[in-house]
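The values are calculated or read from the model by the stated rules, or taken from the named source; none is laboratory data. Predicted, not measured: the structure shown is a model, and the values here were computed from it. So basically every Cβ, Gly included, is an ideal-geometry build from the backbone, and we count neighbours across all protein chains shown.
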Amino acid sequence: MSSSDAHDSGDLKQVVRQCLDSFYTKKLKSLRSLTLTNLLLRKNPYLYRALGIQEPSELVAAMVDAYISSSDETIFGKAFFEEVVLQYGKVRRSGITGTDFIRETEQDYVVISLKSGPHAFSASQYDKQNADFTKVFQTLREQGIRKHIDLVLGMSYGQVSPNRASSYIYRISSGRQLWQELTDDPEFYIKLLDIIGDYSVQKRVAYQLEKSAILQRFTAEFISLYTEAGIINWTALVNINAPASSPATSTPASGNPTNKRTPRKPKT
């Protein structure tokens, strides 16, 4: 479905449903690909020990939920936000590295880099975005773009002070303002939220059933490998990420210690 077709039909509901289907499909794929070992390698045992967790089932559930929360942010941005913008916004996909969308008017050539939200964006990332946009600006001029180039760092939710980018080559547009810029609809951000709520309840039921089965399998495997008499063996968990051998004393195939020099023969 093209952007213009979506606007002509007014079928935002269909667009959102398609994007939610894609989001949940990718969520399930990510969860199904996870193994207990990979999960334990990704998570900090010291944190969960500090939280006072004692039950294996509680520990596994907490780690799985943390993994899902982290991966969902990335999946949702790509599978949902970007696709809604492409199908319903007045934009086209950008072919320029480091950017996502182009919106062109008679006077302006608007280049948008879409991010999920501001809270995971550090000061160094704002600086890097400025360096990336500077290269984009130069590339567009070299390609013969003579319109006013408007470089936009878009945040799909949240609020960012306009002063945050006052010294940069780009501007920041977030939340309601961004969605209005993309769709010309000042109420789009609310419409989108309402439709998500209507359909996501149905999708969540099937997802939760499969998640519960995976939690049961991981918990049984965890109890078998990392508990003693039903008590979590925290030392075993730490050792997953902490090899017993030290690089200073490990011996490679050559037979010489890794970080030790072969002694010189005394002069005769």
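Restricting the first member to region 192-217 and to residues that are closer than 30 Å to Pro56 by Cα and aliphatic (A, V, I, L, M), and the second to residues that are modelled with pLDDT of 95 or more and exposed (fewer than 11 other Cβ atoms within 10 Å of the Cβ), the beta-carbon pairs closer than 8 Å and six or more apart or on different chains are Ile214/Arg32.
If you check Thr183 against the conditions, is it polar (S, T, N, Q), in contact with a Ser or Thr (Cβ under 6 Å, 6 or more places away or on another chain), surrounded by 12 or more Cβ atoms within 10 Å (Cβ to Cβ) and in contact (Cβ under 8 Å) with a residue 40 or more places away in the chain?
Answer is no for this residue.
In region 1-42, which helices (runs of 4 or more DSSP H) lie fully inside it and hold 1 or more residues that are modelled with pLDDT of 95 or more and over 14 Å from Tyr199 (Cα atoms)?
Output list reads 12-32, 36-42.
Taking the conditions (1) over 19 Å from the mean Cα position of the chain (by Cα); (2) acidic (Asp, Glu); (3) surrounded by 12 or more Cβ atoms within 10 Å (Cβ to Cβ) in turn, Asp100 satisfies each one other than (1).
Pairs meeting the criteria (first residue in region 113-136 and in contact (Cβ under 8 Å) with a residue 24 or more places away in the chain, second residue part of a helix (DSSP H, G or I) and surrounded by fewer than 16 Cβ atoms within 10 Å (Cβ to Cβ), beta carbons under 6 Å, at least 6 apart or on different chains) are Ser116/Glu73. Candidates Leu59, Leu47, Leu41: the one that is in contact (Cβ under 8 Å) with a residue 60 or more places away in the chain, over 20 Å from Gln202 (Cβ atoms) and loosely packed, with under 13 Cβ neighbours inside 10 Å is Leu41. Residues that are closer than 22 Å to Gly197 by Cβ and in a loop (DSSP other than H, G, I, E, B) within region 88-105 comprise just one, Gly89.
When we screen Val85, Val111 for residues that are among the hydrophobic types (A, V, I, L, M, F, W, C), part of a strand (DSSP E or B) and either touching a Phe, Trp or Tyr at 6+ places or on another chain (Cβ under 6 Å) or under 29 Å from Leu193 (Cα atoms) (or both), the only hit is Val111. Look at region 137-161: where a residue is free of Cβ contacts under 8 Å to residues at least 40 places away in the same chain and part of a helix (DSSP H, G or I) and a partner is surrounded by 12 or more Cβ atoms within 10 Å (Cβ to Cβ) and of a type outside the set (Gly, Ala, Ser), sitting 6+ places away or on another chain with Cβ atoms under 8 Å, you get Phe137/Ile149; Phe137/Leu151; Phe137/Ile169; Arg141/Ile149. Residues in region 14-36 that are charged (D, E, K, R) and in contact (Cβ under 8 Å) with a residue 12 or more places away in the chain: Arg17, Asp21, Lys26, Lys27, Arg32.
For Ile145, are the conditions met, namely being crowded, with 17+ Cβ neighbours inside 10 Å and not polar (S, T, N, Q)?
Values: crowded, with 17+ Cβ neighbours inside 10 Å: no; not polar (S, T, N, Q): yes.
So Ile145 fails the test.
Looking across region 114-136, the residues that are buried (at least 16 other Cβ atoms within 10 Å of the Cβ) and assigned to a loop (DSSP other than H, G, I, E, B) come down to Ser116, Gly117, Pro118, Phe121. In the set Gln180, Gln216, only one residue is under 25 Å from the mean Cα position of the chain (by Cα), of a type outside the set (A, V, I, L, M) and in a helix (DSSP H, G or I); that residue is Gln180.
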